[in-house]
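Notes to accompany the following structure.
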Amino acid sequence: MHINDEVIAITGGAQGLGLAMAKMLGERGARIALIDLDAEQLEQAVNVLADSHIQAQAFVANVAEESSVIEVFTEIRAKLGPVAGLVNNAGITRDGLLVKAKDGEVVSTMSLKQWQQVIDVNLTGVFLCGREAASQMIEAGTQGVIVNISSISRAGNMGQSNYAAAKAGVAALTVTWAKELARYGIRVGAVAPGFIETEMTASMRPEILEKITKGVPLGRLGLPENIADSVRYIFENNYFSGRVLECDGGLRV
Ligand code: NAP
């Protein structure tokens, strides 16, 4: 896809990886629809992008709520035209062990709330946004691109039953949609980041972060721009579909 002048929606675009993607795709001329929860934070992001002469508009929505997603995609089409691209990037963590025990006694467990919150945003949110974006692309006859953000954790990770399950689901949706949507000329890919310098990793305990960094063959965390560049690659490579691009400094075994 030639990114220039195309409407690309990015969920969770107000900060972190999403904002870096908006910058990279916007520098190539995309008209960006930034979707996120907080209006104020979105406005700040739009202003940051405007400083770099990037066209972006803010759209408040909760990707986990069907009515909110349907409304926001209708609003984007009305204001900018049908989307040609979507990055399913919004994601949260609510980490915890399935069962934590001490001296044979269960101390805590992952609550259903912890499980459900992560599944709702990281998996159901991807499903809902993907469905609405693909519908717009098909109706407009646009040979669009959908990029889902998975994670290295999709292979399974201690303390992340909810997150790992959702991110594995995202990888499966990517293959399924690539097969279903190819007949409309729509490509679907995914990026599985390793550990990247963002708010999400900044909130980890320093000793844990140090241990993780030491385990990365390249010896450092990735930068948001590295992931944005992987997303750009999927948009621009017309033979990439149904696969997960891993960008993790060599961490995955
Ligand atoms: P981040 O800095 O926390 O940004 C995520 C954005 O998504 C935030 O602006 C957040 O808003 C928004 N969001 C959360 N729930 C939402 C909802 N229901 N509807 C709409 N927006 C919502 O995260 P990040 O580190 O940039 O991560 C981006 C993606 O990459 C996620 O899918 C994450 O799982 C994945 N990933 C990240 C890493 C990493 O090392 N950072 C590694 C692997 C994969 P609030 O701040 O208001 O909640």
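Of note:
- Each label point was placed 7 Å from the Cα along the Cα-to-Cβ direction; for S52 and L112 their separation is 4.4 nm.
- Helix-only [θ]222 nm of the chain, DSSP H runs n ≥ 4, -39500 (n - 2.57) each, per residue, nearest 500: -14000 deg cm²/dmol
- Largest mean-square fluctuation among G194, G144, G215, in a Gaussian network model of the chain whose springs join Cα atoms under 10 Å apart, belongs to G215.
- A crude spin-label estimate for the pair E105 and V175, with each label 7 Å from Cα along the Cβ direction, gives 4.5 nm.
- When each of H53, H2 is scored by the number of other beta-carbon atoms lying within 10 Å, the sequence from fewest to most is H53, H2.
- Summarising the overall dimensions of the chain from its C-alpha atoms, the Rg and Dmax are 18.0, 62 angstrom.
- Note on the range 1-88: the C-alpha convex hull projects to 5.0 nm² when averaged across all orientations.
- Local electrostatic count at R28 - Lys and Arg +1, Asp and Glu -1, tallied over other residues with Cβ under 12 Å: -2
- Sorted by Cβ neighbour density within 10 Å, fewest at the top, the residues L209, L181: L209, L181
- Restraint check, K100/K211; K100/K179; K23/K167; K167/K211; K179/K211, Cα-Cα greater than 29 Å: K100/K179; K179/K211
- For the chain, the share of DSSP beta bridges that are antiparallel, to the nearest 5, is 10%.
Bear in mind these aren't lab numbers, they're just calculated from the coordinates by the rules spelled out. Since the model is a prediction, treat every value here as computed from it, not as a measurement. Note that each Cβ is placed from the backbone with ideal geometry, even for glycine, and that neighbours are counted across all protein chains shown.
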